[in-house]
1. Per DSSP helix of 4 or more residues, -39500 (n - 2.57); summed, then divided by the residues of the chain. What does that give at 222 nm, rounded to the nearest 500?
2. Can you pull out the chymotrypsin sites (Phe, Trp or Tyr not before Pro) in the range 191-288 that DSSP calls coil and that have at most 12 other Cβ atoms within 10 Å?
3. Please sort by residue number the GluC sites (Glu not before Pro) in the range 57-164 whose DSSP state is loop and whose Cβ has at most 14 other Cβ atoms within 10 Å.
4. If you add up the charges near P465, with Lys and Arg at +1 and Asp and Glu at -1, over every other residue whose beta carbon is less than 10 angstrom from its beta carbon, what do you get?
5. Counting Lys +1, Arg +1, Asp -1, Glu -1, what net charge surrounds T490 among other residues with beta carbon under 13 Å of its beta carbon?
6. Can you list the HN-Hα couplings for the range 241-252, worked out from phi with the Karplus curve (6.51, -1.76, 1.60; θ = phi - 60°), rounded to whole Hz and with x for Gly and Pro?
7. Using unit Cβ charges (K, R positive; D, E negative) and no other charged atoms, how large, in debye to the nearest 20, is the dipole of the chain about its Cα centre?
8. So who's got an amide H within less than 5 Å of the one on A91, skipping anything under 5 residues away but keeping other chains? H placed 1.01 Å off N, in plane.
Amino acid sequence: MTAAALTTGCAPGPAAPEPEPVPEETVDPFELFVGQQVDWETCYDGAEVDEFVEEYRDWGADPDWKAALECGTVTVPVDYELPEGETIDLALVRVPADGPQEERVGSLVLNPGGPGQSGVEMLDFPRFSDEVRSAFDLVSFDPRGVGDSQGFACGDWEAVNEEVEDVEVGDLTGLPEERVASLEEDVRAYVDDCVDTVGEGFLANMGTVNVARDLDVLRGALGDDRLTYVGYSYGTYIGSLYAEMFPDHTRALILDGAVETERPNVEVGIDQGLAFQATWEDFVGHCAENASFCAFDGVAGSQQRMEQILTWLDEEPFTVEDLTVDGPAFVGMLAMELYNEFTWVYLADMLAYMSVEDRAATEYYLGFMYENTYAWLDEEEDGKDANAPLVAVNCADRDDPEDIGVYFEAVDGMEEDSPLFGAGAVWGNVLCAYWPETETAPTGFTAPDAPPVVVAGNVGDPATPYAWSQELAEQLDTATLVTYEGSGHTIYGHGVSTCIDDPLDGYLLTGTVPEEGLSCPQVDLG
């Protein structure tokens, strides 16, 4: 939904001239917030470092890295049209560059995606090559409304989930009116609670266009004349808009796992449902060909086998922490697992045990799966979660249909093309049908005045289809596309492919753009 446009009309016949209004003094919002300096302080004491490393040792926690983290804040307005009004302190984190002073380039600002993911938490673990860490301060931030930047939780997310899960298994075209009314009631209740929690004004300013403005304030506070930035997934949207809005302040941007920037969320959900299905089928084929113990003989017949597994889970659900893992919950966990192609080995084992209804082995693997990829989605801490800002930003950014029937039709259409993931990908956007009016992000931008930009995409990305990276590279006038021929969600800086990392490191360090058409093979998955 976009904010209503103001229109003027002319009355017939002559009218007496009105006195010209006295011009009000205008305030440049950036003038009020430029010149800030970040007051960096050590984030964690020794006991906190030890506790973190003990908990996340198996994830690669490094005590020296954690102890080196510095925290700070930068202040931005909630509404850039009212710069003297309410403000937000954005939470920042930094790993100072460790190279010689004369070889340092500046700050490398990072965004992990989402929307709703914490940039502060992103730097809990070591990232990037020694060369990049030597030359750049690594800096990340919690965007407005996320984490420690006035993050919030609202509504009954579980009630909405239960409603849509019930709908998924029914005949949508013949759904009783009372079921439609019940779904609408829970969706409206969630939206109303978000409005009550943080206010329409705050929600109206959650969109990416304001995050891009915040990013420019942050750049100035870091003392960089031009921004060097790596954005993953949703973070590519932030970087793209930044290049359009602040080309003279742009140095180098890597946009990895590009999101679609033009269409309504319901159409984006359809694309994602198809992409998850394609990645799932890639996994099934890999499992059938390479795993010694696989639940599937191939893609053909895999859906029937999965329906048997999901029925088994529905009949006797498992409990992991406080999560009931029935069929729909497991599909959600499975979708998250497809983000990383290196989990395919243990995923094949787990599904094989599930196919023979081995409860002991299944319980073990579900516990590991939950801790490895899903726990952060299931937690709410200090009145904050990842779901509320995700919905708020997505609904703010796009002009979405207000007729809930459009979402029903889209789900119905996904039944054959993406039977496992399509419904969930579409239903995740139904809240936007009732979202308050917001400042919708611009469309059709090309960033013609920006310096060279690099877009990276995985051919088998389940969450941000490769076609979106191709589209963004074509959309931005100065962009070059780099391709990874494997699966998983995003690729740069993960230490997976030197074919990707080396030229992109060089681009950040020197501005040298990777060769046009660079395509890197999938690495050995074992």
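1. -13000 deg cm²/dmol, from helical runs alone.
2. Listed in order of number, the matching sites amount to none.
3. E81, E84, E86
4. -4
5. -3
6. Per residue, the Karplus-derived 3J(HN,Hα) values read 5, 4, 4, 6, 8, 9, x, 6, 9, 9, 9, 8 Hz.
7. For this selection, approximately 1500 debye.
8. When sequence neighbours closer than 5 places are left aside, the close amide H contacts are D142, S149.
A short reminder: the numbers here are calculations on the coordinates, not readings from a lab. Note that the structure is predicted; figures quoted are calculated from it, not measured. Every residue, glycine among them, receives a Cβ derived from its backbone with ideal geometry; neighbour counts consider all protein chains shown.
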